[in-house]
Amino acid sequence: MSAAEATPIAPPASRLPLLRLAWRESRTARRRLLLYMSSIFLGVAALVAIDSFAANVTQSVAEQSRSLLGGDLSLASRQPFAAPVDSLLDSLRRAGTPLARVTSFASMALAPRTGGTRLAQVRAVSRNYPFYGTVVSEPAAAWRELHDGAHAVVDPGLLVALDAHVGDTLTLGYGRFVITGTLTSVPGDPGVAAIVGPRVFIAERFVPETQLLSFGSRAEFEALLKLPDTVDPRTILTPHKPMLEAARVRTRTVAESEANLTQAIERLTRFLGVVGLIALLLGGVGVASGVHAFVARKIDTVAVLRCVGATSGQVLAIYVTQAAAMGLLGAAAGVALGVGVQFLLPHVVRDFLPVDVSVHLVPRAVVSGLLVGVWVALVFALRPLVALRSVSPLQALRRDTDAGALAMRWRDWPRVAVNTALVASVVAIAVTRAATPRQGLVVAAGVALAMFVLWVSAVLVVAAARRGVRGGWPYVLRQGIANLYRPANQTRSVVLALGFGAFLVTTLYLVQTNLLGQFNADAAASNANLLFFDVQEGQALGLDSAIRAAGYPVQQRTPLVSMRIREINGVSVRDLQRTPRGRSWAVAREYRSTFRDTLVHSEKIVAGRWFDAAHRASPADTLPGLSLDEGVAKELHVKVGDVIAWDVQGVPVTTRLTSLRAVNWARFEPNFFAVFEPRALEAAPKQYVLLARVPDATAIARLQRDVVRRYPNVSSIDLSLVLGTVNRIVSKVSLAIRFLALFSLVMGVPVLSSAVAATRRQRVREGVLLKTLGATRRQIGRIMLAEYAVLGVLASAAGTLLSFGGAWGLMRFVFEQEFRPAWLPALLIALLLTALTLLIGLLAGRDVYRETPVAALREG
Amino acid sequence: MLVARELTKEYRSGGGALAVLRDVTFTIPQGSFVAIVGPSGSGKTTLLGLLAGLDTATRGDVLLDGTSLAALDEDARARLRGEKVGFVFQSFQLIPTLTAIENVQVPLELRGERGAEVRARELLDRVGLGDRTSHFPAQLSGGEQQRVAIARAFVNRPRILFADEPTGNLDAASGARVVELLEALNRESGSTVVLVTHDAALASHAQRLIRLADGCVVQDSATDGANGLLKVAASDTLTSSVPEETPEVSA
């Protein structure tokens, strides 16, 4: 052996040995590092599941788009097709284009045998409906034989509601039908369609027998066209566009309906994506605190590596390689779970989707989930890892405390770069995943604010612990609290991780209970529970006295007048529609308005004044007054004082906008976009809505049956049934919300474990030292108990308070409703989280029990 | 050759500066075996840190084979250490997650050199641990761990080896074995060995002795003449904790 000749300092010849070193060096820490890095596991799973599901649904929609519409082109109108439309359809049919018709309207369905009644959605279809997809019935023959007579194929739910069975007679208006079967699936209808209103299919030619359409009930008339593949539906539509618009015919092509649905799905998945993003960020916090612990364990090794010639870059490379490998594994596990969940999701949301979702692997979602996961894991891991660069080789000679050894200068540029990259990554991911860049920024800012508030609370906790400890307290309590502020304490990381978890879980819970609570409160606020509609002008008084004769009060008798807007401030709707603002739904829609001279309790004036001659803008103004819902006014770009001219079934009526109202639409009462001063509409043709209060279900059923027999065209809704229906839908939604809440709770566990593990080594060392000095295991256990109890309580409290702020913000600005704090459940969640902290803390600290004082002495 | 020129190290303490080393100057020729001695707090470890480029001096410079350490940044010094410097520590400082042979390979692997395993095996054989290459540090005795550390220190054929109390954590027999090994490798490889210790017995193995007190060189046997070393060995206790009847003292 001889000394080598002096050689110039050369860069490494090969990177392979460094990778090998990184792999070997990770030997005993792999499992632990994997645990830390896998904090991102659930976040990645959420992203992959959501993205894959969205892609699956979008593709299924594309594949089934024709059956979604039932044809290639749909023409629909709220009134029977005008003559020019009919002649267009005739000419198309003569030219060989298959044509199907669907007429939909609401009707009371009555089973005479049982006397049961229920409001149903009637669809009268022509023989060739639908062109695409198949209606499946039980028995199958029922659908095939629908047109053979006065047959009705109905939703199974209707049979239950009417206490009827297949073979019974069903009356719709004045028509009588035989129930020949039940519906299993209807292409293009989501499963909930049956919950919202049971469907009844009858043959088109029996519509006149019901006599319902002649009464002016609301109906939709639709013509479906089947076109050869070579024909673009737009070539048929374009030449007739002005005529169709004038006739108020809405047209939809397969591509349009597909685009609409895809858009809706995208909105949904964007929302879910934000939840996934937050999951991922929380995971990132877990990674950061876990890797922080990992880094503290590596100080000695790094010091030696530095002594034997490792550059700071090489040290960083070794540990970044390890973190990246484990991050990749964690993300890959997340991807696997995400793909698994993706196969489950369609079953959960099947009822809400109008298509059957075929599940398949989405490579793009898998790859992007993997990349985003690894990136988030790495960028969060890098924050503690860069500190390893500052470990001096001197530590091998003279060991400082963990915190001292890792201390960095504030302006250390790689640290600044990593921090910048971290913030930039969060913002970039938030912006790309949210619906709009603005929303993304809001989410990122919200997360930053929550983190900041929690960080400040942690700092305050540390300060309070330092000042608050009193000499008279029991030793274990003093020692436990002192652990909160002593060097290398875990207060900040635990408060951040646990507080953020508490924040998420409680915010979700509060928003959910607030939304449901609001809903039930609104329902309870309505006095009436039975609503009659489609009441003709000549029937209103008769119905009113019939209800009163039965012994029940009529709460409201409200006239309804159908109309459309003709002009706004002298500009015709047609001209308006050529401008961007004229494309709003509010411009072209059909309004069903009312007139009255008093406000009802579900509305309040937010601008201008209620109709009042004394306060008219100018005494000379003879125009009748109009009050609009503030949302509609915004859509129409109108303000108090503007003039709006209406087309009331052919008669022009000009009004001046005198007030804007805030309307609580959640109330089960007839509410209106437009309310007119009585003199404007008194003479117009109208229908009525009646609201009655009837004490119990039997009485309601009896009254409904009596009214249907006397006025077959009048429909009625039992509000308690509607409430039940809504509750059923809401419970399906809240199942999803609970799942999310549980998900964030589960997600908190690895994050919290990581945070606690960050200072575990220090804890064990101290515990063993205390044992050496004569502390019993019991005393050490109590010290830890005191520390984790204080940490748990404070972090949960900070997170819970923060969640009240978050939930208030969401209710106020997103759902635009009043926020009602739910203190007790929030307290319970906080207690649960505190218990969880204690459990995790004590589990992590169990080594303190195991280690013997001899071990401490041997360590030196 | 290792040259220390007016090395001064100060720490900020309160308002003023606390000098731990003051104007330390000496030259150590290539291949020599030098002991730096002094009581606790005399600045031995600080000096070692500066000589090895683990730390930077407040003033003065260290020339290692003609390269000024003051002119190098931390990473360049690390590379220089990787190529020319070996370390043996009191607490062995083996990487607990690596086996004996992997520990020895580390300096070569950091330089991206191939054939690290062959060279590491050769050195483990040399220190008498050829049969324990795949043991982890926790599975080795203290003496064995220190021999692995010595193998690691010599694996890159260092120009200079720094040993910081290399027998401090060992029993007498293991300590003696370690010292013998250091001496033998110093002879065989021609590497300079700089030993920092407060153990007079250990120091007596060195060819030259530099004594520190309060951050200054108070004795250097190279300048005091050959007798200096013997004088120390015979009359002095470097610290009270070292038993004087250690057999090597009178040898």
**Asked** In this structure, is A:A161 within 30 Å of A:E63 (Cβ to Cβ) and in a helix (DSSP H, G or I)?
**Response** no
**Prompt:** Of all residues in region A:83-122, how many are surrounded by fewer than 21 Cβ atoms within 10 Å (Cβ to Cβ), within 19 Å of A:L213 (Cα to Cα) and of a type in the set (K, R)?
**Reply:** 1
**Candidates A:A396, A:A407, A:A424 - the one that is over 19 Å from A:A317 (Cα atoms) and within 14 Å of chain B (Cβ to nearest Cβ)** = A:A396
**Complete:** Among B:E10, B:E6, B:E74, the single one that is of a type in the set (D, E) and under 24 Å from A:A310 (Cα atoms) is B:E74
**Asked** Restricting attention to region B:183-198, and to residues there that are over 11 Å from B:F162 (Cβ atoms), more than 7 Å from chain A (Cβ to nearest Cβ) and touching a residue at least 24 places away in the same chain (Cβ under 8 Å), which single residue is surrounded by the fewest Cβ atoms within 10 Å (Cβ to Cβ)?
**Response** B:E183
**Request:** May I ask you to say which residue of B:Q105, B:Q93 is outside any strand (DSSP E or B) and in contact with a Phe, Trp or Tyr (Cβ under 9 Å, 6 or more places away or on another chain)?
**Result:** B:Q93
**Asked** Inside region B:31-70, can you point out the residues that are hydrophobic (A, V, I, L, M, F, W, C) and within 14 Å of chain A (Cβ to nearest Cβ)?
**Response** B:F33, B:I36, B:L47, B:L48, B:L50, B:L51, B:A52, B:L54, B:A57, B:L63, B:L64, B:L69
**Prompt:** How do the strands (runs of 3 or more DSSP E) wholly within region A:608-721 filter down when requiring 3 or more residues that are over 19 Å from A:R564 (Cβ atoms) and modelled with pLDDT of 85 or more: which remain?
**Reply:** A:651-663, A:687-692
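Check region A:77-84 and report whether any residue there is touching an Asp or Glu at 6+ places or on another chain (Cβ under 7 Å), away from every other protein chain (no Cβ under 11 Å) and at pLDDT 80 or above.
yes
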**Prompt:** closer than 30 Å to A:Q536 by Cα, out of contact with any Cys (no Cβ under 6 Å at 6 or more places or on another chain) and among the β-branched types (V, I, T), is that true of A:V571?
**Reply:** no
**Asked** If you scan region A:470-487, which residues turn out to be under 14 Å from A:G767 (Cβ atoms) and either in contact (Cβ under 8 Å) with a residue 24 or more places away in the chain or crowded, with 18+ Cβ neighbours inside 10 Å (or both)?
**Response** A:V476, A:Q479, A:G480, A:N483
**Prompt:** A:T837 passes all but one of (1) surrounded by fewer than 18 Cβ atoms within 10 Å (Cβ to Cβ); (2) modelled with pLDDT of 75 or more; which number fails?
**Reply:** (1)
**Item:** Elements of type helices (runs of 4 or more DSSP H) in region A:240-326, at least 3 residues being away from chain B (no Cβ under 14 Å) and among the aliphatic types (A, V, I, L, M)
**Value:** A:241-246, A:254-297
**Fill in**
Counting only residues that are among the hydrophobic types (A, V, I, L, M, F, W, C) and more than 13 Å from chain A (Cβ to nearest Cβ), region B:124-153 contains a total of 3
**Within region A:63-82, considering residues that are part of a helix (DSSP H, G or I) and among the small types (G, A, S), the one surrounded by the most Cβ atoms within 10 Å (Cβ to Cβ)** = A:S65
**Fill in**
Looking across region B:86-123 at residues that are facing chain A (nearest Cβ under 9 Å) and under 17 Å from the mean Cα position of the chain (by Cα), the single one that is nearest to A:L16 (Cα to Cα) is B:P107
**Request:** Just one of (1) under 30 Å from A:Q314 (Cβ atoms); (2) under 37 Å from the mean Cα position of the chain (by Cα) trips up A:V391, so point out which.
**Result:** (2)
**Message:** I need the full set of residues from region A:488-507 which are surrounded by fewer than 24 Cβ atoms within 10 Å (Cβ to Cβ) and either free of Cβ contacts under 8 Å to residues at least 24 places away in the same chain or assigned to a loop (DSSP other than H, G, I, E, B) (or both), in order please.
**Reply:** A:A488, A:N489
**Prompt:** Only one residue in A:A109, A:A54 is modelled with pLDDT of 80 or more and in a helix (DSSP H, G or I), so which one is that?
**Reply:** A:A54
**Close pairs (9 angstrom Cβ cut-off, 6 or more residues apart or separate chains): more than 7 Å from every other protein chain (Cβ to nearest Cβ) and under 15 Å from A:S390 (Cα atoms) in region B:71-85, assigned to a helix (DSSP H, G or I) and not β-branched (V, I, T) anywhere** = B:R77/A:P393; B:R77/B:L69
**Request:** Go through A:S39, A:S14, A:S2 for me and flag whichever is at pLDDT 75 or above and either under 44 Å from the mean Cα position of the chain (by Cα) or within 8 Å of chain B (Cβ to nearest Cβ) (or both).
**Result:** A:S39
**Item:** Of all residues in region A:256-275 being among the small types (G, A, S) and at pLDDT 75 or above, the one that is farthest from A:A434 (Cα to Cα)
**Value:** A:S257
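Here is a yes/no grid of residues against (1) in a strand (DSSP E or B); (2) of a type in the set (D, E); (3) in contact (Cβ under 8 Å) with a residue 40 or more places away in the chain:
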site	(1), (2), (3)
A:L92	no, no, yes
A:F105	yes, no, yes
A:R118	yes, no, yes
A:A124	yes, no, yes
A:A142	no, no, yes
A:A152	yes, no, yes
A:G157	no, no, yes
A:V166	no, no, no
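The values are calculated or read from the model by the stated rules, or taken from the named source; none is laboratory data. Predicted model, so just to flag it, every value in this text is computed and none were measured. Cβ: placed from backbone, ideal geometry, glycine included. Neighbour counts: every protein chain shown.
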